[in-house]
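The values are calculated or read from the model by the stated rules, or taken from the named source; none is laboratory data. Computed from a predicted model, the values in this text were never measured in an experiment. When we count neighbours, we look across all protein chains shown, and the Cβ atoms used for this are built from the backbone with ideal geometry, even at glycine. Note: areas computed on protein heavy atoms with side chains; ligands, DNA, RNA excluded. Shrake-Rupley method; radii C 1.70, N 1.55, O 1.52, S 1.80 Å.
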Amino acid sequence: MRVRGFLVCCAVLVALLGYAVYQFRLPVDADWHGGATDQQRLLIRLIDTIGGLFMHPSDFYSGIDRLYAHAINQTGLTDFGWDADPGAKEGFEILYECFRDTGRPSIVGGFIGYNTLLRCLERRLRYVDALKRHREYVEQTQIAPLFVVGMFRSGTSFLLNTLARDPQFRFLRHYELSFPLPSREQELGLEPDTRHVDLQNEIDFITTMNPWFSAVHLLTNDGPEECVYFFFTSFRSLSGEMQFKCPVYTEWIQKQDHHIAYETYANQLKIMQHLDNDVIPRQWIVKSPVHLEHLSTLLDTFPDAKIVWLHRDPAISTASLTSLTAHLRALYSNHVDINEVSAFSLDMIERLLKNGMEGREHASSGQIFDLSYGSLLADPIRVIEDVYAHFGFELRDEVREDMIQHLSQNPQHQHGAHRYMHLVPHEDELRSRPGIARYYEELRTLIL
């Protein structure tokens, strides 16, 4: 009853504020000065105020067994595969407790948090079921994806979106990342595949609640997206740290052996490849900053992987991550401490660079192709030609022309400017961190 009342409140408020929301959805600059502006937070605050008459955010978390039962009811599946990966269950239960007990969630945040956890459980159930049915293919198949890695705001999305224009590559569409595997009935053609529709509904909700988010990170339905979501299947995901203030989860995830997380990640790619039914499987291209933190594990899992590492000043990346994390957490809570987020972001950047620099020592000669952010922006087509030549891909003339057209039609800041330079930490603070200092020292020609 209370959840129904909350949804009614949302519907009424969205209708009343429809015109204002329409204005918000126009290209808008995203800025963060210690908190979102009153105008930007108006819709969430109104929902919280009225929804608070009917319920409390903790009402969404009335028991973890209820959440398990909800996921089972949604999928018709019962095996979470906890025996094969006890750490996955532990990670999920830590996330559940964090969403319920920390971060001072708003009512909107409680609603989003509950559905995020539900989605993760459904993902887990469908993965375990699909693995049983496709185990032979998974065990007999080897894949060597092209990984685009780099810190936040280093041009990884720009490069991936352009490479995705080439039909020889298989990229992960956003709806596939949110709903990686169809249900058994959808796979057999007994039910329509509604994953596109389900994701679009969520994108519409997020951009209504946070209309300036498109300037920070553009959300599309079937366009390329970061593969970081795949790690939610094993409940070892950097996104879990970013989306919600959860120090216990951050501490826990750093102590985990991520080999099983990468095995689960690889299995999902293999199952999707099997379902594609391509006579000759296409080359996978994926991207996420998280791979830097676990580069050695990635190389253990994918010994023949191809890696493009984009480089930019860590100070810029830290500021961008601070802004992105603050905007993400603002979806869940009305109390986002920008100083706490800045400290979290600096720790995260050091983790990525420290482990990335150590991991690259295990790469074979030529396995990593280093690029500077500046060279990518200055002449993207020439840089892409260099990537193709380095890894032995053929760049056909018609694909090159399509990439040029794509770049001309999608200029930078098309959906609003993401402003974060006021959050840049002092260089001395960065160089005092050993992991970041090594990066500055050894790769400075690619950073400047």
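Go through (1) at negative phi; (2) in a loop (DSSP other than H, G, I, E, B); (3) in contact with a helix residue (DSSP H, G or I) (Cβ under 8 Å, 6 or more places away or on another chain); (4) among the hydrophobic types (A, V, I, L, M, F, W, C) and name the single condition Val279 misses.
(3)
Quick check on my filter: what residues within the range 303-332 are part of a strand (DSSP E or B) and open to solvent by less than 10 Å² (accessible area, probe 1.4 Å)?
Of everything in the range 303-332, those that are part of a strand (DSSP E or B) and open to solvent by less than 10 Å² (accessible area, probe 1.4 Å) turn out to be Ile307, Val308, Trp309, Leu310, His311.
For Ile368, indicate whether it is open to solvent by less than 60 Å² (accessible area, probe 1.4 Å) and touching a residue at least 60 places away in the same chain (Cβ under 8 Å).
Criteria met by Ile368.
Taking into account only those residues within the range 217-269 that are open to solvent by 30 Å² or more (accessible area, probe 1.4 Å) and either closer than 20 Å to Val138 by Cβ or hydroxyl-bearing (Ser, Thr, Tyr) (or both), which is nearest to the chain's Cα centre (by Cα)?
Filtering the range 217-269 for residues that are open to solvent by 30 Å² or more (accessible area, probe 1.4 Å) and either closer than 20 Å to Val138 by Cβ or hydroxyl-bearing (Ser, Thr, Tyr) (or both), the one nearest to the chain's Cα centre (by Cα) comes out as Tyr229.
Kindly provide the set of residues from the range 129-156 that are more than 30 Å from Trp82 (Cβ to Cβ) and surrounded by 21 or more Cβ atoms within 10 Å (Cβ to Cβ), ordered by number.
Leu146, Val148, Val149, Gly150, Met151, Phe152, Arg153, Ser154, Gly155, Thr156
Quick one: count up the residues across the range 80-109 that are polar (S, T, N, Q) and either surrounded by fewer than 24 Cβ atoms within 10 Å (Cβ to Cβ) or part of a strand (DSSP E or B) (or both).
Total meeting the criteria: 1.
I'd like the full set of residues that are in a strand (DSSP E or B) and in contact with a Leu (Cβ under 6 Å, 6 or more places away or on another chain), limited to the range 367-383.
Result: Asp370, Leu371, Ser372.
In the range 252-276, how many are of a type in the set (Asp, Glu), part of a helix (DSSP H, G or I) and at pLDDT below 95?
Residues in the range 252-276 being of a type in the set (Asp, Glu), part of a helix (DSSP H, G or I) and at pLDDT below 95: 1 in total.
Only residues in the range 264-287 that are among the hydroxyl-bearing types (Ser, Thr, Tyr) count as the first member; pair them with residues that are open to solvent by 20 Å² or more (accessible area, probe 1.4 Å) and modelled with pLDDT of 95 or more, Cβ under 8 angstrom, at least 6 apart or cross-chain, and list the lot.
So the pair list comes out as Tyr265/Thr301.
Cβ-Cβ below 8 Å, separation at least six or inter-chain, first residue in the range 128-149 and closer than 16 Å to Thr233 by Cβ, second among the aromatic types (Phe, Trp, Tyr) and surrounded by 19 or more Cβ atoms within 10 Å (Cβ to Cβ): which pairs?
If the second residue must be among the aromatic types (Phe, Trp, Tyr) and surrounded by 19 or more Cβ atoms within 10 Å (Cβ to Cβ), the pairs left are Val128/Phe80.
I'd like the full set of residues that are closer than 20 Å to Ile368 by Cβ, in contact with a strand residue (DSSP E or B) (Cβ under 8 Å, 6 or more places away or on another chain), open to solvent by less than 30 Å² (accessible area, probe 1.4 Å) and not basic (Lys, Arg), limited to the range 270-295.
Once the filter is applied, which keeps residues that are closer than 20 Å to Ile368 by Cβ, in contact with a strand residue (DSSP E or B) (Cβ under 8 Å, 6 or more places away or on another chain), open to solvent by less than 30 Å² (accessible area, probe 1.4 Å) and not basic (Lys, Arg), the range 270-295 yields Trp284, Ile285, Val286, Ser288, Pro289, His291, Leu292, Leu295.
Arg133 - would you say it is out of contact with any Ser or Thr (no Cβ under 6 Å at 6 or more places or on another chain) and charged (D, E, K, R)?
Considered against the rule, which asks whether it is out of contact with any Ser or Thr (no Cβ under 6 Å at 6 or more places or on another chain) and charged (D, E, K, R), Arg133 comes out as yes.
Criterion first (at pLDDT below 85, out of contact with any helix residue (DSSP H, G or I) (no Cβ under 6 Å at 6 or more places or on another chain), buried (at least 21 other Cβ atoms within 10 Å of the Cβ) and under 25 Å from Ser333 (Cβ atoms)) does Ser214 satisfy it?
When the stated conditions are applied, Ser214 passes them.
State yes or no: is Ile44 touching a Pro at 6+ places or on another chain (Cβ under 6 Å), at negative phi and either modelled with pLDDT of 85 or more or hydrophobic (A, V, I, L, M, F, W, C) (or both)?
Answer is no for this residue.
Can you work out which of the residues in the range 227-251 that are of a type in the set (Phe, Trp, Tyr) and under 24 Å from Asn161 (Cα atoms) is modelled with the lowest pLDDT?
Tyr229
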